[in-house]
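In what follows, a single structure is set out as structure tokens and then discussed.
The values are calculated or read from the model by the stated rules, or taken from the named source; none is laboratory data. All values derive from a computational prediction rather than experimental measurement. No Cβ is skipped: glycine too gets one built from the backbone with ideal geometry, and neighbour counts run over all protein chains shown.
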Amino acid sequence: MLDLDMTVVWDNLPYMLGGAIITIQVSAIAVTAGLVIGSLFGLARISAYWVIRVLASVYVEFIRGTPLLVQIMFIYFGLASIGITIESRLLAGALALSINSGAYVAEIVRAGIQSIDKGQMEAARSLGLSYLQAMRHVILPQAYRRIIPPLVNEFIMLIKDSSLLSAIGTAELMKRAQHIRARTFADFEILISIAVIYFIITFTLSKAADYLERRTRIRD
Amino acid sequence: MIKAVNVHKKFGNLHVLKGVSAQIKKGEVIAIIGSSGSGKSTFLRCLNLLEIPDQGNIFIDGMDIVSRSTNLNTIRKDVGMVFQQFNLFPHMSALQNVMLAPVNVKKMNSVSVKNFALELIAKVGLSDKANAYPRQLSGGQQQRVAIARALAMQPKVILFDEPTSALDPEMINEVLTVIQKLAQEGMTMVIVTHEMGFAREVANRVLFFDDGVILEEGTPASIFDNPSQVRTREFLSKIL
């Protein structure tokens, strides 16, 4: 017999929403940093210099090939055990997510750049633009437009993966749900509630991205 | 003004240029003809180092551009290029396409660049399309914008790589007319083309490429009416 106690949900809603805000904060930091890291390493992956290419590949392959949970715990507990302590669990979590996301974004950016017709680079270079100027003004603006869908996919994954930060005690949505469950034993109601909250966050992002994609497409 | 000496280029085992030497004087219009795979486009692309020659030298105004010490970007801003596929930047309007290089390479003030760019767009007959994006333009219009974009850097020479080969027949003339106008103004140009009528009319000199070398060169009249080489005659009989 299903006997739901919705008062548990209402009573703890402010606490959960506070966690949702931390989830959004940590994700926003990681998305931004991941985009910067990913763009740099994406460019590095196609660099003319083999040393840079190899270093970038090592980063991408290693991060993609190890579990995010291990990376998170390494940043917070592992580094602390050799004396590098990151006081804020939110910051430690954001750092781990940024490094992780950067590797995936690097691959997306690389693929995006390589999908642009090589005549574009030739035309830009033949006008006297340097490689970096050509990247900045000609190649990247086109590549970013083209990679909006995979990037959004990556960012949605990142928001969901931020629930793993509960393992180091970042007071985000998942961690707070655990607190409430331990206190109330209302596993069903609470887990359903945070699932809905996660969904609202990711669905909003997805719709916002659709809008962005439509708007940029009209222009080119 | 441009002097190529014994230029060789290989792609893997394929020996595309087998010792090409040529000289181009200021104000000259050179047409390069020859069958596909004869090396004519590769040679053109060597002149602004989109392809790096494996051997030989290319001098522009006495400066050896193949030498490693030469700054590529300095050379390229003096050598414009117009491509078969136009290669306009699709995320920029016609005006922005034309303005990009003067603003970023020459670091010119964007107000004066804008006026100059609008003049160039008017010159290629597209004043009403200055704010259009490439996808809103026909092939002929795109190629004319591409010519304006090359002119915006005030190059010493413009290289045309089969500028009309990707165009529908009814659009070829609008592009050729623009090139002809530039010829009359004394612009130095090197044009790889399959338009023999145009080559005859506009070029001062014709280079016939065959199997990686310049087999024959001369005035349009001598090449088209009285070719000395058998291969040249064969080629012309096939396409004229």
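Considered as a group, the residues in segment A:155-167 that are of a type outside the set (S, T, N, Q) and buried (at least 20 other Cβ atoms within 10 Å of the Cβ) include one that is nearest to the other protein chains (Cβ to nearest Cβ), and that residue is A:F155.
Checking segment B:117-138 against the condition returns no match, with no residue being closer than 17 Å to B:N87 by Cα, modelled with pLDDT under 95, within 12 Å of chain A (Cβ to nearest Cβ) and within 21 Å of the chain's Cα centre (by Cα). When B:S38, B:S21 are screened for being closer than 25 Å to B:T219 by Cα, part of a loop (DSSP other than H, G, I, E, B) and in contact (Cβ under 8 Å) with a residue 60 or more places away in the chain, only B:S38 passes. Tell me which residues, restricted to segment A:15-37, are within 25 Å of A:A56 (Cβ to Cβ), surrounded by 15 or more Cβ atoms within 10 Å (Cβ to Cβ) and among the polar types (S, T, N, Q). Of everything in segment A:15-37, just one residue is within 25 Å of A:A56 (Cβ to Cβ), surrounded by 15 or more Cβ atoms within 10 Å (Cβ to Cβ) and among the polar types (S, T, N, Q), namely A:S27. Can you spot a residue in segment A:185-193 that is more than 23 Å from A:I72 (Cα to Cα), in contact with a Ser or Thr (Cβ under 6 Å, 6 or more places away or on another chain) and either away from every other protein chain (no Cβ under 13 Å) or surrounded by fewer than 20 Cβ atoms within 10 Å (Cβ to Cβ) (or both)? No, segment A:185-193 contains no residue that is more than 23 Å from A:I72 (Cα to Cα), in contact with a Ser or Thr (Cβ under 6 Å, 6 or more places away or on another chain) and either away from every other protein chain (no Cβ under 13 Å) or surrounded by fewer than 20 Cβ atoms within 10 Å (Cβ to Cβ) (or both). In segment A:203-220 there is at least one residue that is outside any helix (DSSP H, G or I), under 30 Å from B:L137 (Cα atoms) and either within 14 Å of chain B (Cβ to nearest Cβ) or of a type outside the set (A, V, I, L, M, F, W, C) (or both).
Return yes or no: is A:V105 modelled with pLDDT of 95 or more, in contact with a Ser or Thr (Cβ under 6 Å, 6 or more places away or on another chain), surrounded by 21 or more Cβ atoms within 10 Å (Cβ to Cβ) and under 19 Å from A:F41 (Cβ atoms)? In short, no. Residues considered: B:M92, B:M81. Of these, the only one that is at pLDDT 95 or above, surrounded by 22 or more Cβ atoms within 10 Å (Cβ to Cβ) and facing chain A (nearest Cβ under 10 Å) is B:M81. Considering (1) out of contact with any Gly (no Cβ under 9 Å at 6 or more places or on another chain); (2) under 30 Å from A:I21 (Cβ atoms); (3) buried (at least 21 other Cβ atoms within 10 Å of the Cβ), the lone condition that A:L129 does not fulfil carries the number (2). Every condition in (1) more than 14 Å from chain B (Cβ to nearest Cβ); (2) under 27 Å from A:V58 (Cβ atoms); (3) part of a helix (DSSP H, G or I) holds for A:A143 except the one numbered (1). Exactly one residue out of A:I139, A:I116, A:I72 is of a type in the set (A, V, I, L, M, F, W, C), within 20 Å of A:A30 (Cβ to Cβ) and at pLDDT 95 or above: that is A:I72.
The residue that is farthest from B:R45 (Cα to Cα), among those in segment B:99-116 that are within 10 Å of chain A (Cβ to nearest Cβ) and not polar (S, T, N, Q), is B:V103.
Being touching a Lys or Arg at 6+ places or on another chain (Cβ under 8 Å) and either within 13 Å of chain A (Cβ to nearest Cβ) or assigned to a loop (DSSP other than H, G, I, E, B) (or both) is the filter here; which residues of segment B:53-71 pass it? Those that are touching a Lys or Arg at 6+ places or on another chain (Cβ under 8 Å) and either within 13 Å of chain A (Cβ to nearest Cβ) or assigned to a loop (DSSP other than H, G, I, E, B) (or both): B:P53, B:D54, B:D61. Scanning segment A:117-139 for residues being charged (D, E, K, R) and more than 7 Å from every other protein chain (Cβ to nearest Cβ) gives a total of 3. When A:T184, A:T204 are checked against the criterion of being closer than 26 Å to A:V26 by Cβ and at pLDDT below 95, a single residue qualifies: A:T184. I need the full set of residues from segment A:98-128 which are without any contact (Cβ under 8 Å) to a residue 60 or more places away in the chain and part of a helix (DSSP H, G or I), in order please. Within segment A:98-128, A:A111, A:K118, A:G119, A:Q120, A:M121, A:E122, A:A123, A:A124, A:R125, A:S126 qualify.
Matching residues to (1) over 27 Å from B:L95 (Cα atoms); (2) touching an Asp or Glu at 6+ places or on another chain (Cβ under 9 Å); (3) not β-branched (V, I, T):
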site: B:M153; (1), (2), (3): no, yes, yes
site: B:F208; (1), (2), (3): yes, yes, yes
site: B:V213; (1), (2), (3): yes, no, no
site: B:Q229; (1), (2), (3): yes, yes, yes
site: B:R233; (1), (2), (3): yes, no, yes
site: B:L236; (1), (2), (3): yes, no, yes
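Screening segment B:124-142 for residues that are assigned to a loop (DSSP other than H, G, I, E, B) and without any contact (Cβ under 8 Å) to a residue 40 or more places away in the chain and picking the one that is farthest from A:R217 (Cα to Cα) gives B:L126.
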